[in-house]
Structure formats: structure tokens, C-alpha cells
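Let me begin by presenting the structure, written as C-alpha cells, before commenting on it.
The values are calculated or read from the model by the stated rules, or taken from the named source; none is laboratory data. The shown structure was predicted, so the numbers you read here are calculated from the model rather than taken from an experiment. Glycine gets a Cβ as well: all are built from the backbone with ideal geometry, and neighbour counts include every protein chain shown. Note: accessible area is taken over every heavy atom of the protein model, side chains too, but ligands, DNA and RNA are not part of it. Shrake-Rupley method; radii C 1.70, N 1.55, O 1.52, S 1.80 Å.
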Amino acid sequence: MDLLDYTRTSPGSAVRYTAAFPTPSRIVHTSSFRMADWDEAEAADLAQPTSSMPSMPSYNEPRTSFGAELKDAFKPTDAWVAQNNAFLTDIREFYKERCAIEKEYSQKLSVLSKKYFERKAKKASVVSVGEEPRVTPGSLESATMTTWTNILGEVENLARERGRLSEELSLQIAEGLKGVQLKSEDMRKKHVTFAEKLLEDRDKIYSDLKKAKAKYDECCQSVESARRKQETATDSAKAQKHFHQYSLDMNNAKNTYIIAIRVANAAKQKYFHGDVPLVLDSMQNLSEARTRKVNELFTLAATLEIACYDRSKFHLENTVAAVARNDPVLDSTMFVKHNAGGWLEPAEFAFQPSPIWHDSDAIDTSDASKVYLRNLVGKSRGELRDMNATVEAKKREIEGLKNLRDAYTKTPSLGNGDEVAANLLESQRAVTILDSRRLALQIELDTVHAAVGDLDLNSAPHDFKSASFTIPTTCGFCQGTIWGLAKQGFVCRACGFACHAKCEMKVPASCPGQVVQKTSKKDKRKSKAAGAVSDGEEGPGTLSRTSTQSSVTNSVYSNIVNAARTPGSPRREIASPFGIGSIERSLPPAATSKQVQTARVNFAWQANDETELSVNEGDEVEVVVADDGSGWMTGRIGGREGVVPASYVTLNPPPSPAAAAAAPASTPGAAHSRTLSISSMASSLKKKGPAVAPKRGAKRLKYVKALYDYEAQTEVELSIREGDVILLVKEDQGDGWAEGEIGGVQGSFPANYVEAVDG
């Protein structure tokens, strides 16, 4: 057994490698070895049956991170990776030309080695430390360049190679290098596209900040002009109105500008400390993966030569040892040492007051500004809620891809990891872009909340949709005219309130029809009951639930105020939903006597919520809405009204006409109570308690049983134990996860950990 000792000196360290090499008699000829038989194992795996190949030493160099060390250095890193990719062309051309001259034997082989020594000398610096290093490398070369130098030196000793090696080198080495180069260059271009997109998104946020500043300055100028006009205007009221409107616009523009500053600062922080390091680390992984592939091909070429040339064994084993020392981290470390430093983080963005209108950097918290901020928060919160679920799912997908990539790297026989790496990069790109938007939304919410607190209390936001106006319509906010087919404004789906597109964010969150947008079957029965109470009782000025639900328009309040009132009927002043004062509502006159259906309670029933009616055994209940087959009826006792199980009561025979005539008429107070109960019924919640009778169209609950234990990894996941019966909330949507509930706690869990059971 021969022992070869190699000592490699790198900047700041000396590493000694010792390899035990077999005698020439133990070399195995593998001239029939094919590229398809090669995997990403170490060189020792090739001749595993005879244990004739030396094992590669383990890499002990510390892990270097481009993202942590180079900061904003994507361009030089990309140029360095591109140069290394282009350098593969030289290596591939070398093997092709070598195949062509193998038959001409030693003389031309020596000339070829000299030629590539010269090429290497020209590119050694660029490939080792990049085109513009901060520290010149002097005579030092990267690990790959050093390995390449050793290979060329050993090639000069292979002048007696056999001609049959030419075909093997052409098919297995040259074509393999071409494939590595193409894949590496393709991945590099994807990284460039990714980085350009990140820069474009960052610059767009910067541009939005500039636009917000320009808009703020413009509004400040308008306010100043309005103030001057007000001082000289003949119509002071009109001038005052214009000044107030311009002031409102200026405050909104200021708030938008301040928020844009926060967003820009957050985007800057994320870009330089999150996005760029992510891309740089990915570029580093790409470079090191390419080096690993090249190492494999170097080793393969050397192994083929060993099998074909017993006499050249000693020199070729030197090549294998040199390749084994070529740790991909060494190239990265050298590149970092010669390019790190000199980067200063850009300064934070700060509020710049307008030279026309001097102001502070505090959020304006006037009532009018709060309206704008409340609408802004509502939109941002809705978008953020939808985005959080998407980002969490993507992050789980990224973790799975990372594990799969690591598995492919450790065990190359599992398959080709290039597709996994491409999918991982695409998923990271998508999550990074979504995360940028999510960060901007969260900063908006935090900024507004820190300035004015919770704006959602006692608010009923409008559910606006874009609309066209074929006939002139009055804007409910500015009282201007909306007219056009190009979707000039918005209409609330719930109450019909219409406004200009420019007024949308200024409209107060006081929608009167929000609670009746959608009703369940049970709610419809209650609505029917309410309608039965009010039939024949509404005065001309009564504001009923029906009118609120189906015919509220921008002029409803003026119509109510001006409507004729029933003489002698009591009146009540109610607040306008849009904050434009108050309106009077006439209460209905006394109801006339009519025949009433009653029922006797057979069993006591305790109400589970405000929509139900508690009754005791023996009570007499007035039937408002009879059972329609759902198993529930609406009843009334002493001014209290609600639903009770139909199976708990027995209907009494209808009273005779004489008895009905003798019955006392309802008092105005009772009619007033019935009318006011409509609004409380409209805002009632859906019944949550256990149903006494099955309801029509009820959704069948699904349950699953846990087959294995699973411990939740995040707050959105659900811990389960083998044998648990879980209420299925959401089935697997294709991502391998389902959602369920145990003991009132909801969360997601692996779908393949459970099986379906009968509910």
C-alpha cells in the first residue's frame, strides 16, 4: 500500500490530507463503465466491489453564508457565478479536444495541457475572486482553480494514453459538463429574474412613497390657496366649504404619506436583511452544487483513466486526491474574504414636512380622518386575513421541499434533485412576494392602531361593489352627481348607498342594512313573524325592517323625515345611520282586534339564545308563525317572542268569533314593542345549541378517527392522539392537510393520519 501525503495551504489555515492508495495490481479495468451507472456518491463508491478506490476525506471547513457576509452584493455574486458557469465551457472543450488528440498521443497532449495552463492563468483571478475584488488575491487561487492546475499537471504525464479512452471521455465527461453548465446557467438566470423582481417591488414601494409625498405637497398647496381665497372671497360659506374639503384631502394625503414611509422603511429592511440574503444564499447553493457536479465528473474522468492506464495510475490518483480536496465551501470562502466589507445600510426614511404647509409626523386623528383610516384598516385586514392562510400553506410547502432537497443531496440515488431545487426557488419567490405585501398590510394596521386604537368598535362598514350609473345618481357623501358607464362609483350591496369612487374611503362605516344581507331558513321564519306583526299596523312614516332590507336608497332619510305621520300616533327620534343628524319615526297606531291562534306547552323548554323563547309546562303561547315542517314555531308570551320546538306544544282549537270580538285590542305600547323587536330579531345570531328536531337542508356532520399521534408544530395546527374522534371542518384540499375540531379547539393536521367514520 502506497501512502501519498498532500498539504494544502489556504488563506489563514493549513489543511493536511493523507490518502492510502492501492498498488497497481489491484486496479480494476472499467472501460465499459457508462455515465448512466454514475451517481453522486463519493469516488470510493465507483470501485466498491474491490475496495480499490481511495475514500475522499470529509470536509471540515466552516459553512460560509453569502447572505450573512456579502449583504447587498448580488451583482458581483451573479457575475462570479456566471464566470464559473462559463468556465465549465473551458473544461468541456478541454475534454473534447483531448478526445480528438488522444490518438495523436503524447506530443499533442502536452501542447494541449500548455494551452489550458495559459487560459487558466488569464482567468484564475476572475474565477477565484470575481471581476472586481476588494482585496487582490495575489498568487492565490481558488480551490477549484488549484484542482484544475493539478489536473492539467497530471495530464502532461498521460502522454501514453490509449486511443480507446477518447470515446469514453467524449460521451461521459464532455456531455456531462455540458449538461451541468446548461442547468447551472438556467438556474442562475432564474435567480437573476428573482432578484430583479425583488428590486422592482422595492423600487415600486419607493416610487409610491415619492408619489405620496408629491400628493401631500400638492394638497398642502391647495389648502394654502383655499385659505387665501377664503380671506378675499365674497361667498365666505362656499369658500369655507372648499377650505374644509381641501383640508380633509390634505390630512388624508398626509396619512397616506406617513403610512407609505412606514411601508418603505419596512420594505427596505426586508429587502436588505431578508430578500437579498435569501437570493445570495440560494446563489451560493447553486454554485456549490455545480462544483459538486464538476467534482463528480473530474473524478469520473480520472477513474476512467485509472482503469485504462495502469502505468498512469500514480498520476491519476494525484488527480483524484486533488478533486477530493476541492470542497465547494472553499471557493465560496475565498470569494467572501476578497469581496466582503465596505457596505453601508441606507438611512431610514423620515417624514418631510411640506415647505408650504408645516406639520408634524403624527397621524391625523380628527373624526374625518378616522373615517378614512377605518376604511383603510377594514380593507387591509381583510386582505391580510386571506394572505396569512396562503403564506402559511406555502411555508409548509417550502419546508417539505427543503427536506426533499436535503434528502436528494445526501442520497443521490433517490433521483435528480434539480426539479426540486427549481420548485423550491419558485415557492420561495412566491412566499417572498406575498410576505412583502403582508408586511406592508401589517405595518398599515399597526401604524393606524398605534395612533387611534381600535376603530372597529360600533362600526358597520358598507359592502361596496363597483357600479355603472346609466341615470344621474346623487352621491350619498358629497351630494354630487354620479353618471357614466365606466364604473364611476360604488354601491353598497347591503343598503344601496351610492357614492363616487373618490368618496369611497371617506364614507362613514354606518351601513343600516348589514345585518340582513343573508338569512338562514330560521331567520326567514322570524322575518315572516315580524312581517305578520307589522301587517296593517305601519303608518306612512314607519321605518320597517322590510324597507331597510329591500329599498334603502340614498334619499331614504329625507323621505322618512318628510313622510306624513298618522295623527295622534306617538313619535320617536332615532339616529341616522350615516351620521347626518336624527330623524323622527312614527310609531304605528293601535292594532285592531283579530283572531289569535294559541297553543298549550306540554314540556318546559329553556332558551339557548336570544332568538328562542323559554316556556314552562302549562303556559299558553300565542302562535305567531306556525310550524312549516322544520320542527320549530314562533310564539309570544307577555311581550316576549321567540321560537320553541313544535313538538313541545299542542295547538288549541281556534276561538269562536264572539270570543275574538270580546278580546281586548292591542295597545299602542304593545304594537310599539312588536315593531322594535324586529331590529333585535334581525341582529340575532344563528342557533348554536343542539337541535330538538332535524332541520331541512341541514348539513351532515363528518367525523374522522385518528390513526396515529400528531403533535402540533405551530399555533394553527391541532394535536391529536390515536383513537381521537375529530369533527371534520375542512377536508384535504390537495396539500395533504385537513382541518378539524376537538373539544372546541380547531386546527389543521395531516390528512393521512386519520380515517373517516360515521358521524
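A compact table of results
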| item | result |
| --- | --- |
| Conditions (1) at pLDDT 90 or above; (2) open to solvent by less than 50 Å² (accessible area, probe 1.4 Å): number failed by residue 190 | (2) |
| Condition broken by residue 230, with the remaining ones in (1) open to solvent by 60 Å² or more (accessible area, probe 1.4 Å); (2) modelled with pLDDT under 90; (3) of a type outside the set (Asp, Glu) satisfied | (1) |
| Leading residue by the ranking (most open to solvent (accessible area, probe 1.4 Å)) among those in the stretch 114-126 that are closer than 16 Å to residue 322 by Cβ and at pLDDT 85 or above | 117 |
| Single residue of the stretch 368-382 satisfying the filter (open to solvent by 40 Å² or more (accessible area, probe 1.4 Å) and more than 11 Å from residue 509 (Cβ to Cβ)) that is farthest from the chain's Cα centre (by Cα) | 368 |
| Residue ID - most open to solvent (accessible area, probe 1.4 Å), chosen from residues in the stretch 198-227 that are farther than 24 Å from residue 262 by Cα and among the charged types (D, E, K, R) | 227 |
| Residue ID - modelled with the lowest pLDDT, chosen from residues in the stretch 698-735 that are loosely packed, with under 14 Cβ neighbours inside 10 Å and small (Gly, Ala, Ser) | 698 |
| Conditions (1) surrounded by 15 or more Cβ atoms within 10 Å (Cβ to Cβ); (2) in contact (Cβ under 8 Å) with a residue 40 or more places away in the chain: number failed by residue 106 | (1) |
| Yes/no for residue 451 being modelled with pLDDT under 70 and open to solvent by 30 Å² or more (accessible area, probe 1.4 Å) | no |
| Any hit, the stretch 292-309, residues being under 24 Å from the mean Cα position of the chain (by Cα), part of a helix (DSSP H, G or I) and of a type in the set (Asp, Glu) | no |
| Residue in the stretch 744-758 that is under 29 Å from residue 631 (Cβ atoms) and at pLDDT below 80 present | yes |
| Residues within the stretch 336-367 that are β-branched (Val, Ile, Thr) and open to solvent by 60 Å² or more (accessible area, probe 1.4 Å), tallied | 2 |
| Single residue of 448, 420 found to be β-branched (Val, Ile, Thr) and without any contact (Cβ under 8 Å) to a residue 40 or more places away in the chain | 420 |
| Residue identified as small (Gly, Ala, Ser) and out of contact with any helix residue (DSSP H, G or I) (no Cβ under 7 Å at 6 or more places or on another chain) among 451, 430, 460 | 451 |
| Candidates 418, 435, filtered to the one that is among the acidic types (Asp, Glu) and more than 14 Å from the chain's Cα centre (by Cα) | 418 |
| Enumeration of residues in the stretch 278-301 that are under 21 Å from residue 199 (Cβ atoms) and open to solvent by 10 Å² or more (accessible area, probe 1.4 Å) | 278, 281, 282, 285, 286 |
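Okay, residues lined up against (1) within 44 Å of the chain's Cα centre (by Cα); (2) open to solvent by less than 60 Å² (accessible area, probe 1.4 Å); (3) modelled with pLDDT of 85 or more:
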| residue | (1), (2), (3) |
| --- | --- |
| 144 | yes, yes, yes |
| 155 | no, yes, no |
| 160 | no, no, no |
| 168 | no, yes, no |
| 173 | yes, yes, yes |
| 179 | yes, yes, yes |
| 196 | yes, no, yes |
